[in-house]
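Student: I'd like to ask some things about the structure below.
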Amino acid sequence: MDTNLEQVMQIASVAFNRYKTFSRQQKASFLYAIADEILAASEALIQQAKEETNISATQLAGELKRTVFQWHSFARLLEEGSWVEARIDTANLERLPVAKPDVRKMLQPLGIVAVFGASNFPFAYSTLGGDTASALAAGCAVVVKGHPAHPLTSRLSAELILKAATRTGMPEGLFAHVEGLGFEIGKELVLHPLTKAVGFTGSLRGGRALFDMASQRPEPIPVFAEMGSINPVILMPEKLQNEGGEVAQRYLQSITAGMGQFCTNPGLLIGVAGEGLDVFVKELANGMTQVAPAAMLNAGIYQNYEGKRTIVTSQEGVRIDAESQLPKSGIIQAIPTLASVDATYFLSNPLLHQEVFGPFSLLVICQDLAEMQKVIEHLEGQISCTIMATEQELLANKEIVERLRAISGRLIFNGVPTGVEVGYAMQHGGPYPASTDARFGAVGQDAIKRFVRPASYQNCPDFLLPDELKNDNPLGIWRMVDNVLTQ
Ligand code: NAP
């Protein structure tokens, strides 16, 4: 065991116990202070992340704005207070044959949360990201394992959180940042007995490895891993017949934006052979040849892209429809690619069902709607599924719509999967292998629910109850009292 990590965990444990006693206003002011620190350091953050990730300053500025919004939204959630889901069933001593006790329940923080961010979102899914924000909002202590693809951005982010913690009087060690070469430090963090939950964003391989470690501990703990996805897009024939060219343009943009390095990238297109699909493919392929190769996040991500792209395009039945025809000007620049395969080959080859993280999409060509249905039935859990269809087609194909809903966290109608709105109604995460626990998500205020557990008090004297459950509701929050929602 790393002696430094042991010390970090012991201090975090003491800090967690103190933080539990802090008021919701104190916690909210900590979160607001972090947002202020981010805003004050935004130029330095963007500059540092740009140097470490090859992501454009414009894209980083948008991501930073979203990150600040996340801290603000959790701070507002704490101020309002009803998120703890207070439930009160009052006693009925007259009840026969036995008296009914007074039982009160609310959500309570789990303890120390280990956070692992992803390389492609150095702010929104890294040290300053939604996992850290939601865990601190939940009342937990947080230990972040810094991402080795942007170590300086991660360190700068950690300094900002620590500055805000000092400024708002938070207990020392409530937030910590650890780094290490290789998987050892991450493994020790997940296996440490004081760690009570893990928030992870990244690859299926990484998320699954941490999930397996956590479930084999003497005390298993939950791992909320948000992993890769191929985000299937169903292209219905009538829709393409009417608007094939426009749909192709939207998808050209979605597949190649940010060099395809989004977990919501549309990696799989599924259509029915015919005139509409021909128009769509021609337009998309033409556009793809004119998208310039650009640098990926880092050499590892590039090698992974090239390796997976080669595996997929060398499978039996797979054709390359288009590759960028513009020259590469750097080694780690990805070549945007569109490939296609007939459904029979796709159905018999699981290698074609995997994420190729980058500007790549595979088109599966079905002979008819029945074959399309069969392809959809073979798909695994996804972050998102999309259907491009006319109203008539939606009405006539409710089974397809229902199957897409069943395998995805978010079902999109006539849009693109890239671009994730942050809010209460967003579900980001889906059935395995998109996430390790599809009941929760990493985006929006409900992400807080990953790091709490319900706990009941039975016949507890009023003075000992947390304010959220006291008789006179001193916090004025919404509560369910004897089956009625009331303030
Ligand atoms: P990654 O390689 O899995 O790394 C994520 C983090 O996990 C890193 O800190 C990494 O540390 C650690 N890690 C990975 N495997 C580990 C293991 N076996 N033991 C201990 N630690 C381990 O992912 P990435 O390349 O950063 O991100 C790209 C992937 O993230 C893509 O697949 C993308 O689709 C996905 N993603 C998903 C979402 C979502 O919300 N679902 C959002 C963004 C990205 P080391 O680097 O030291 O290995």
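Student: Within the stretch 307-319, identify whether any single residue is touching a residue at least 60 places away in the same chain (Cβ under 8 Å) and either out of contact with any strand residue (DSSP E or B) (no Cβ under 7 Å at 6 or more places or on another chain) or within 30 Å of Glu52 (Cα to Cα) (or both), and answer yes or no.
Tutor: Filtering the stretch 307-319 down to residues touching a residue at least 60 places away in the same chain (Cβ under 8 Å) leaves none.
Taking every residue of the stretch 307-319 in turn, none turns out to be touching a residue at least 60 places away in the same chain (Cβ under 8 Å) and either out of contact with any strand residue (DSSP E or B) (no Cβ under 7 Å at 6 or more places or on another chain) or within 30 Å of Glu52 (Cα to Cα) (or both).
Student: Ok, one more. Which members of the stretch 140-186 meet the condition of being within 16 Å of the ligand (Cβ to nearest atom) and β-branched (Val, Ile, Thr)?
Tutor: In the first step, residues of the stretch 140-186 are kept if they are within 16 Å of the ligand (Cβ to nearest atom); the result is 142-155, 157-158, 176-186.
Val142, Val143, Val144, Thr153, Val178, Ile185, listed by residue number.
Student: At least 3 residues that are touching a Gly at 6+ places or on another chain (Cβ under 8 Å) in each: list the helices (runs of 4 or more DSSP H) lying fully within the stretch 128-227 that qualify. Show your work before the answer.
Tutor: Values: elements: 130-138, 151-167, 184-191, 204-215.
Output list reads 130-138, 151-167.
Student: Taking the stretch 187-237 as the region of interest, how many residues are within 11 Å of the ligand (Cβ to nearest atom) and among the hydroxyl-bearing types (Ser, Thr, Tyr)?
Tutor: 3
Student: Test Glu306 against the stated conditions and say whether it is open to solvent by 10 Å² or more (accessible area, probe 1.4 Å), among the acidic types (Asp, Glu) and away from the ligand (no atom under 16 Å from the Cβ).
Tutor: Numbers: open to solvent by 10 Å² or more (accessible area, probe 1.4 Å): yes; among the acidic types (Asp, Glu): yes; away from the ligand (no atom under 16 Å from the Cβ): no.
Judged against the criteria, Glu306 is not a match.
Student: Okay, moving on. Going through the stretch 112-122 one residue at a time, which ones are touching a Phe, Trp or Tyr at 6+ places or on another chain (Cβ under 6 Å), more than 6 Å from the ligand (Cβ to nearest atom) and part of a loop (DSSP other than H, G, I, E, B)?
Tutor: Residue satisfying the conditions is Gly117 alone.
Student: Okay, next question. Given the criteria under 18 Å from the mean Cα position of the chain (by Cα), in contact (Cβ under 8 Å) with a residue 60 or more places away in the chain and within 23 Å of Leu136 (Cβ to Cβ), does Ile477 qualify? Before the answer, list the steps.
Tutor: Details: under 18 Å from the mean Cα position of the chain (by Cα): no; in contact (Cβ under 8 Å) with a residue 60 or more places away in the chain: yes; within 23 Å of Leu136 (Cβ to Cβ): yes.
Against the criterion (under 18 Å from the mean Cα position of the chain (by Cα), in contact (Cβ under 8 Å) with a residue 60 or more places away in the chain and within 23 Å of Leu136 (Cβ to Cβ)), Ile477 does not qualify.
Student: Further question on the same structure: For the stretch 39-58, indicate whether the set of residues that are in contact with a Lys or Arg (Cβ under 6 Å, 6 or more places away or on another chain) and either over 30 Å from Gly300 (Cα atoms) or not assigned by TED's automatic domain parsing to the domain that holds Pro461 (or both) is non-empty.
Tutor: Initial filter on the stretch 39-58 (in contact with a Lys or Arg (Cβ under 6 Å, 6 or more places away or on another chain)): 57.
In the following step, the residues that additionally are either over 30 Å from Gly300 (Cα atoms) or not assigned by TED's automatic domain parsing to the domain that holds Pro461 (or both) were identified as none.
Checked against the condition, which is being in contact with a Lys or Arg (Cβ under 6 Å, 6 or more places away or on another chain) and either over 30 Å from Gly300 (Cα atoms) or not assigned by TED's automatic domain parsing to the domain that holds Pro461 (or both), the stretch 39-58 yields no hits at all.
Student: Same structure again: Filter the stretch 461-482 for residues that are of a type in the set (A, V, I, L, M, F, W, C) and out of contact with any strand residue (DSSP E or B) (no Cβ under 7 Å at 6 or more places or on another chain); which is most open to solvent (accessible area, probe 1.4 Å)? Outline the logic, then answer.
Tutor: Filtering the stretch 461-482 for residues of a type in the set (A, V, I, L, M, F, W, C) gives 463-465, 469, 475, 477-478, 480-481.
Checking the rest, the ones that are also out of contact with any strand residue (DSSP E or B) (no Cβ under 7 Å at 6 or more places or on another chain) come to 463-464, 475, 477.
On the way: Phe463: 161, Leu464: 111, Leu475: 45, Ile477: 0 Å².
Here the residue is Phe463.
Student: Out of all the residues in the stretch 240-270, which are farther than 17 Å from Arg410 by Cα, touching a residue at least 60 places away in the same chain (Cβ under 8 Å), open to solvent by less than 10 Å² (accessible area, probe 1.4 Å) and more than 16 Å from the ligand (Cβ to nearest atom)? Lay out the reasoning, then the answer.
Tutor: Within the stretch 240-270, the first condition is being farther than 17 Å from Arg410 by Cα, and the residues that meet it are 240-253, 255-261, 270.
After this cut, where a residue has to be touching a residue at least 60 places away in the same chain (Cβ under 8 Å) as well, the list is 240, 242, 247, 250-251, 253, 255-261, 270.
So of that shortlist, the ones also open to solvent by less than 10 Å² (accessible area, probe 1.4 Å) come out as 240, 247, 251, 255, 260, 270.
Answer for the stretch 240-270, where residues must be farther than 17 Å from Arg410 by Cα, touching a residue at least 60 places away in the same chain (Cβ under 8 Å), open to solvent by less than 10 Å² (accessible area, probe 1.4 Å) and more than 16 Å from the ligand (Cβ to nearest atom): Leu240, Val247, Tyr251, Ile270.
Student: Further question: Being of a type in the set (Gly, Ala, Ser), under 20 Å from Leu110 (Cβ atoms) and touching a strand residue (DSSP E or B) at 6+ places or on another chain (Cβ under 8 Å) narrows it down to one residue among Ala28, Ala12; which is it?
Tutor: Numbers: Ala28 fails: touching a strand residue (DSSP E or B) at 6+ places or on another chain (Cβ under 8 Å).
That would be Ala12, the only listed residue that is of a type in the set (Gly, Ala, Ser), under 20 Å from Leu110 (Cβ atoms) and touching a strand residue (DSSP E or B) at 6+ places or on another chain (Cβ under 8 Å).
The values are calculated or read from the model by the stated rules, or taken from the named source; none is laboratory data. Quantities reported herein were computed from a predicted structural model and do not represent experimental measurements. Don't worry about glycine lacking a Cβ; one is built from the backbone with ideal geometry, like all the others, and counts go over all protein chains shown. The area values use the complete protein model at the heavy-atom level, side chains included, leaving out ligands, DNA and RNA. Shrake-Rupley method; radii C 1.70, N 1.55, O 1.52, S 1.80 Å.
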